[in-house]
Structures are given as C-alpha cells and as structure tokens.
Amino acid sequence: MSEATSSADRELWNRRSRSFGGHADVYDEHRPDYPLDGLRWALPPGVAEVVDLAAGTGKLTGGLRALGLRVTAVEPDPGMRAAFTRRHPGIEVLDGTAERIPLPDAGTDAVLAGQAFHWFDPGAALTEIARVLRPGGVVAGLWNGNDDSVPWVAEFARVSGFVQRGRSVATLPEHPAFSAFEEKTFRHSHRRTPESLVETISTHSHLLVADDAERVETRRRTLEFLRANPATANGEFDLPLLTTVLRAVRR
C-alpha cells in the first residue's frame, strides 16, 4: 500500500469514527441492544461496578442496568453523551476514550464495549483498561452482526451492500495483563419494519460519510427489496442477529 493510499484510508477511517455524534438521536432510536445472556457470560462472578466504554447512546448500559449493575459510561463524542443522558438520566457519562479512561486505578470489576473495539487502538486500549480493572476483573467486547445463514438476510446484505459487522471485526490481540480471550456467540434479534431497517443501516458509518447520491440510492434499493420480500413486506418482523462476545480476565 502506498503512503498516499494509506493516508487516504486513515482519513476515511477517521471520518467514519467521528460520524456518529451528529446523528445521535437517530442512532439511539434505530440501533439494536445486546442480549442479556451475552452480557451475563461476559461478566465476572460477583460483579457490581461496570464501565461501559465508548458507550454511545447507552445501548449496552440499558442491559447492564437491567442486570442490576452500577454503570459508569465513558464516551468521547458530545452529541452521543447528550443522547446518553436523555436515555439514562442520573448515570454518569464521562468524556474520555479507550486509550484515556478518566477513572482511578483498579476501581472497577468489568469494562465492556459494545460495537466499538474496532475503533480503538487495541494495544493501548487494553493497557488502559487493565489499569482501571481490579485483578480478576474482565474486559469484554460485544458485536452485533446480521445472521446471514438466514437466506433473506444474506440477500438483504447483497442487495443493500450493507453487512452489519459482527464476527468479522471481533478480533483482539493477546496482552500480557490479560488471560487469552474466550469467544462465544449468542442469538439475538431486532424488531424492525422495512422503513425502520432502512433507518438502521443509515446509522452505520459507511452511509453516514457517503455522498448524497449513494445514500439516496442505497436507501431506495434497500426499501424496495424489503417491501417486496415475503419475510419483511407485511409490517413488523425480526431481523436475526448473532452477537459475538470476546472476554478476558485481568491477571
């Protein structure tokens, strides 16, 4: 890869990583949450204090609260933090990043990141996460991905050009502060209509940074498919998801 190509790719990555905050309310309305059984598997025994890292609008925090846990959120984007506060008033959401977590050493039982680790510098992030975790604490990344073993979902991905990335980005490096990562996949779903699924794909970074013509054409083509497809044409339906979870224990 040439230096110019590498620079262009890095700039596109930066644009995509910064694209969510201006669309925080739509993101909050249309992105899926995470399965509770996946959260339970990710968490250590006796967990009480959890950090939701790169918390966005609080999709992961909602599940952690349902499990009765105390959550501190960390999110760098002010638009996303504002949406988080509207969704979860009373929960602290701090301005910080995975590589700079504004919390004390060894003060939490678990650090979880939903649909976010692929935006981090993984080595630096794991070093910083190790700092804030108690020994025996857990780091976990969760990714929702479309279940393309279902024929209409695979066809939807082909027609729309959209693949919700789950397993394909669920990779984390070894780190001396942590045990080897374990992996498990959980079935999940997202209740949608043709129109709301089009809104969901429009919250993903590829379309957020696309030009207007590409965005309009992708939305048109996708809606046409969903309105004609027997599995999705008649009102509400469940989009089948697979949630990949990686976890490792702080040494």
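The values are calculated or read from the model by the stated rules, or taken from the named source; none is laboratory data. Since this is a predicted model, take the numbers as computed values, not measurements. Here the Cβ is made from the backbone with ideal geometry for all residues, glycine too, and neighbour counts use every protein chain on show. Just so you know, the surface numbers come from the protein's heavy atoms only, side chains and all, with ligands and any DNA or RNA stripped out. Shrake-Rupley method; radii C 1.70, N 1.55, O 1.52, S 1.80 Å.
What do you reckon, is V71 crowded, with 17+ Cβ neighbours inside 10 Å, under 13 Å from T108 (Cβ atoms) and free of Cβ contacts under 8 Å to residues at least 40 places away in the same chain?
Taking the combined requirement at face value, the residue satisfies it.
From the list G38, G56, which one is modelled with pLDDT of 95 or more and within 24 Å of G107 (Cβ to Cβ)?
Just one listed residue meets the conditions, G56.
Identify the single condition in (1) touching a residue at least 24 places away in the same chain (Cβ under 8 Å); (2) over 17 Å from N144 (Cβ atoms); (3) of a type outside the set (D, E, K, R) that F237 does not satisfy, given that it satisfies every other one.
With respect to (1) touching a residue at least 24 places away in the same chain (Cβ under 8 Å); (2) over 17 Å from N144 (Cβ atoms); (3) of a type outside the set (D, E, K, R), F237 is out only on (2).
Considering only residues of the stretch 4-21 that are part of a helix (DSSP H, G or I) and of a type in the set (S, T, N, Q), which is modelled with the lowest pLDDT?
Applying the filter and picking the extreme gives T5.
Residue pairs, Cβ under 6 Å, 6 or more apart or interchain, first in the stretch 76-105 and open to solvent by 80 Å² or more (accessible area, probe 1.4 Å), second of a type outside the set (A, V, I, L, M) and in a loop (DSSP other than H, G, I, E, B). List them.
R87/T57; R87/G58
Specify which of the listed residues (G58, G63) is surrounded by 22 or more Cβ atoms within 10 Å (Cβ to Cβ) and either within 21 Å of A125 (Cα to Cα) or touching a Ser or Thr at 6+ places or on another chain (Cβ under 9 Å) (or both).
G58
Suppose we keep only residues that are modelled with pLDDT under 90 and open to solvent by 20 Å² or more (accessible area, probe 1.4 Å) within the stretch 135-168. Which one would you say is nearest to the chain's Cα centre (by Cα)?
Looking at residues that are modelled with pLDDT under 90 and open to solvent by 20 Å² or more (accessible area, probe 1.4 Å), I get R165.
I'd like the full set of residues that are among the hydrophobic types (A, V, I, L, M, F, W, C), surrounded by fewer than 24 Cβ atoms within 10 Å (Cβ to Cβ) and under 17 Å from E174 (Cβ atoms), limited to the stretch 118-134.
F120, A124, A130
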